[in-house]
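K.L.:
Right, I'll just put the structure down here and ask away after.
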Amino acid sequence: MSLRTVFVSLAGFSACLGAVPFSFAQDWRTPAEASDYRTTPDYAETVAYLERVAAAAPGQVKIENFGKTGEGRDLKIVIASKDGVFDPAAIHASGRAILLVQNSIHAGEMDGKDSCLALLRDLIQNKDRAKLLDHVVFVFIPVYNLDGHERRSAYNRINQNGPEEIGWRGNATNINLNRDYMKADAPETRAFLKMFHRWMPDVFVDDHVTDGADFQYDVTFNADATPDVAPETAKWLRESVTPELEQQLDAAGHVAFPNLINLNDDTDPAKGLTDISNPPRFSTGQMILENRPGLLVELHMLKDYKTRVTGNYEILRALLEVMNRDTAKLISLNRQADADAAKLGAHALGNTQFPLTIGFGEGTTPVVFRGYHYKRALSEVSGTMWISYSHEPWNATLPLTTEVKVSLSTTPPAGYIIPPQWTRVIDVLAAHDVAMRRTTVAWTGKVERYRCAGMEWQGPPFEGHHPIFRGEGSGAEPGRFGSCARTTESATFPAGSVVVPLDQRLSKVAIQWLEPEAPDSAMRWGFFDSVFEQREYGEAYVLEKLARENLEKDPGLKAEFERRVQGDARFAASPEARLEFFYDRSPWGQANRVGEYPVGRLLQLDGVPFQ
Ligand SMILES: [Zn+2]
């Protein structure tokens, strides 16, 4: 029996007696534990508990502010360090690894917060787990989406089984912070990036609660360092971390699955499980750009709150054990991944392919899936199939999609050059701490450039934008990426243009933001929309004259026009389109430069006049 259990029993005993004064000083239960997991504390109560633990072991816990939310609340990290060293550089120099755990990015999903309060107590106050700080410094964000966390209600998540009142998924401007890592619209994201780069953790964990299917597992997790981007780190996660976490969770009485569970068909689990790709808008996608292992943890929404919080606790405890065991290896893997990223531009425009989108092929692996028996029926309410689960175990061997496939890639240039007027595009790179240089004089030289056409923007908003892709859950009018053709040409860039060399640790951020077709590029998110607008136009009576002159002197153009009228009914029916046809192909039309992507890909950095 641990000391803590004694205190808990005593506290319960004295509470029953009523007359005996209850000693708060001895009660180290977290607020969630004290309510028997009926409730989760608000921020003030969360911070009060953290401060109490910090005060109990002077010099071992530090609580730091790292920025402000939109509504002006202080974002905090908690650092547990056994020897009271809280300076990241000194910690790195001492050969210890740093774990950063992020909680409540979706503030209705706060299992991680309550598990971190308990873990901190067990590391620092009762010292049950003190050994886990031997080679690791434990850093956590108790509540990341803090404004959302304080928007408490019993009605914020219909799918979820408690606790009684929980926070909201979006931040104070209703942005989903777990879609904001690349574009960095939110003050929380910007504060996160600065904090992350100050600490440079060795492993990052993002704690969530699922949506989706019902099944026996209470803990699902995904260790995602995509093989094509950091192969050695991915191997360590796959072979040394994942099986260990799974086994330790099972040994602790939880039921773990080492993959997030996504059904091929939401109404029929028998059709198998698929995987999801991990673009940079997600926290774990951001980790790929940071060359760090990222672990996504999802507790199952329908399990009771105690099961979920203790499951979250156990996976963090097990991860700390693995990090203590493999400290030197982990640190060297990260160092290597940083060095590899800084070499991406070294073979500029050679045969090196950098994956922009990693998806999945047809290949599957059979896995034993511990689900529940279910029934399917045609619903007269929705008009489609619906599923109802029993809680009777159904263990079935199902195919899990495991074939990783690069679906889009590029050859990295030596660097990029951005004309200085594209301030919002440059500002996002600055928010990511990407190293940039400014040209001192106007420069004309050979670059690769794109001309893009055929873009369609999504109708309903997605994360406050109308992107050139299909956002989640949106109905009609999905966006569609047309095409970008690349040419090598001589171009002029004004003084003060921004040069982004790829010989840096954060080269992948620049590539993902500046390659137009990348899944979360500045172009896709609408930061270059104005290049697609035709600014000058011809009056109909002016174009009529131009059309007649050109039809007469250019038989090729005439033939092309006639083919278009024959073959394209919409074109044929539009007087404006018919006249535009001649304007677009004239020097006046070309002067609009519609679709000309202003960023240049530098073939080499030599000769570019930057500071
Ligand atoms: Zn979530």
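The values are calculated or read from the model by the stated rules, or taken from the named source; none is laboratory data. On a predicted model such as this, the values are computed, not experimentally measured, just so you know. All Cβ positions, even for glycine, are placed from backbone atoms using ideal geometry, and neighbour counts span all protein chains on display. Note: areas computed on protein heavy atoms with side chains; ligands, DNA, RNA excluded. Shrake-Rupley method; radii C 1.70, N 1.55, O 1.52, S 1.80 Å.
K.L.:
Please work out which one of (1) among the small types (Gly, Ala, Ser); (2) under 24 Å from the mean Cα position of the chain (by Cα); (3) open to solvent by 20 Å² or more (accessible area, probe 1.4 Å) is the condition Ala522 fails and give its number.
P.N.:
(3)
K.L.:
Another question, then. In this structure, is Tyr541 hydroxyl-bearing (Ser, Thr, Tyr) and farther than 24 Å from Cys452 by Cβ?
P.N.:
yes
K.L.:
Every residue in segment 119-166 that is under 30 Å from Gly84 (Cα atoms), outside any helix (DSSP H, G or I) and either within 22 Å of the chain's Cα centre (by Cα) or polar (S, T, N, Q) (or both), please.
P.N.:
Correct list: Asn126, Phe138, Val139, Phe140, Ile141, Pro142, Val143, Tyr144, Asn145.
K.L.:
Further, regarding this structure: When residues of segment 323-339 are filtered for being surrounded by fewer than 21 Cβ atoms within 10 Å (Cβ to Cβ), touching a residue at least 24 places away in the same chain (Cβ under 8 Å) and not basic (Lys, Arg), how many remain?
P.N.:
Final tally of qualifying residues: 7.
K.L.:
Sticking with this structure for a sec: Just to be sure before I move on: is Ala191 free of Cβ contacts under 8 Å to residues at least 24 places away in the same chain and away from the ligand (no atom under 16 Å from the Cβ) in the structure I sent? Give the derivation first.
P.N.:
Details: free of Cβ contacts under 8 Å to residues at least 24 places away in the same chain: no; away from the ligand (no atom under 16 Å from the Cβ): yes.
No, not satisfied.
K.L.:
Which members of segment 196-215 meet the condition of being away from the ligand (no atom under 16 Å from the Cβ) and under 23 Å from Ala230 (Cα atoms)?
P.N.:
Once the filter is applied, which keeps residues that are away from the ligand (no atom under 16 Å from the Cβ) and under 23 Å from Ala230 (Cα atoms), segment 196-215 yields Phe196, His197, Arg198, Trp199, Met200, Pro201, Asp202, Val203.
K.L.:
Taking the stated definitions as given, is Tyr155 within 16 Å of the ligand (Cβ to nearest atom), at pLDDT 95 or above and not acidic (Asp, Glu)?
P.N.:
When the stated conditions are applied, Tyr155 does not pass them.
K.L.:
Can I ask one more? I'd like the full set of residues that are farther than 28 Å from Gln286 by Cβ and not polar (S, T, N, Q), limited to segment 476-506.
P.N.:
Of the residues in segment 476-506, the ones farther than 28 Å from Gln286 by Cβ are 476-477, 485, 487-496.
The answer is Ala476, Glu477, Ala485, Glu489, Ala491, Phe493, Pro494, Ala495, Gly496.
K.L.:
Also: Can you say whether Ile105 is of a type in the set (Val, Ile, Thr), within 15 Å of the ligand (Cβ to nearest atom), assigned to a loop (DSSP other than H, G, I, E, B) and buried (at least 24 other Cβ atoms within 10 Å of the Cβ), as far as the supplied structure shows? Quick ask: steps written out before the conclusion?
P.N.:
Working: of a type in the set (Val, Ile, Thr): yes; within 15 Å of the ligand (Cβ to nearest atom): yes; assigned to a loop (DSSP other than H, G, I, E, B): yes; buried (at least 24 other Cβ atoms within 10 Å of the Cβ): yes.
Against the criterion (of a type in the set (Val, Ile, Thr), within 15 Å of the ligand (Cβ to nearest atom), assigned to a loop (DSSP other than H, G, I, E, B) and buried (at least 24 other Cβ atoms within 10 Å of the Cβ)), Ile105 qualifies.
K.L.:
Sticking with this structure for a sec: Give the residues of segment 27-71 that are within 18 Å of Asn103 (Cα to Cα), polar (S, T, N, Q) and in contact (Cβ under 8 Å) with a residue 40 or more places away in the chain, sorted by residue number.
P.N.:
Residues satisfying the conditions are Thr30, Thr39, Thr40, Thr46, Thr69.
K.L.:
Identify all residues within segment 127-141 that are closer than 14 Å to Val322 by Cα and open to solvent by less than 70 Å² (accessible area, probe 1.4 Å); write none if there are none. Give the steps one after another, and end with the answer.
P.N.:
The first filter runs over segment 127-141 and keeps only residues closer than 14 Å to Val322 by Cα, leaving 129, 131-138.
Leu132, Leu133, Asp134, Val136, Val137, Phe138 - these are the residues of segment 127-141 that are closer than 14 Å to Val322 by Cα and open to solvent by less than 70 Å² (accessible area, probe 1.4 Å).
K.L.:
Could you tell me whether segment 317-324 includes any residue that is in contact with a helix residue (DSSP H, G or I) (Cβ under 9 Å, 6 or more places away or on another chain) and within 16 Å of the ligand (Cβ to nearest atom)?
P.N.:
no
K.L.:
In segment 170-187, how many are within 16 Å of the ligand (Cβ to nearest atom) and closer than 12 Å to Gly285 by Cβ?
P.N.:
Residues meeting the conditions: 4.
K.L.:
Taking only pairs six or more apart or across chains, which ones have beta-carbon atoms under 7 Å, a first residue in segment 200-213 that is hydrophobic (A, V, I, L, M, F, W, C), and a second residue that is open to solvent by 10 Å² or more (accessible area, probe 1.4 Å) and near the ligand (Cβ under 8 Å from one of its atoms)?
P.N.:
Val209/Glu298
K.L.:
In addition: Ala510 fails exactly one of the following numbered conditions: (1) assigned to a helix (DSSP H, G or I); (2) open to solvent by 60 Å² or more (accessible area, probe 1.4 Å). What is the number of that condition?
P.N.:
In the conditions (1) assigned to a helix (DSSP H, G or I); (2) open to solvent by 60 Å² or more (accessible area, probe 1.4 Å), Ala510 misses (2) alone.
K.L.:
Okay, moving on. Of the conditions (1) within 16 Å of the ligand (Cβ to nearest atom); (2) out of contact with any Cys (no Cβ under 9 Å at 6 or more places or on another chain); (3) charged (D, E, K, R), Lys235 satisfies every one except a single condition; which number is it?
P.N.:
(1)
K.L.:
For the structure I just gave you, tell me whether Glu71 is within 20 Å of Gly148 (Cα to Cα) and surrounded by fewer than 18 Cβ atoms within 10 Å (Cβ to Cβ).
P.N.:
When the stated conditions are applied, Glu71 passes them.
K.L.:
Tell me, which strands (runs of 3 or more DSSP E) wholly within segment 387-475 include 2 or more residues that are under 19 Å from the mean Cα position of the chain (by Cα)?
P.N.:
Those strands (runs of 3 or more DSSP E) span 404-410.
K.L.:
Is it the case that segment 367-378 has a residue that's of a type outside the set (Phe, Trp, Tyr) and buried (at least 16 other Cβ atoms within 10 Å of the Cβ)?
P.N.:
Looking through segment 367-378, at least one residue is of a type outside the set (Phe, Trp, Tyr) and buried (at least 16 other Cβ atoms within 10 Å of the Cβ).
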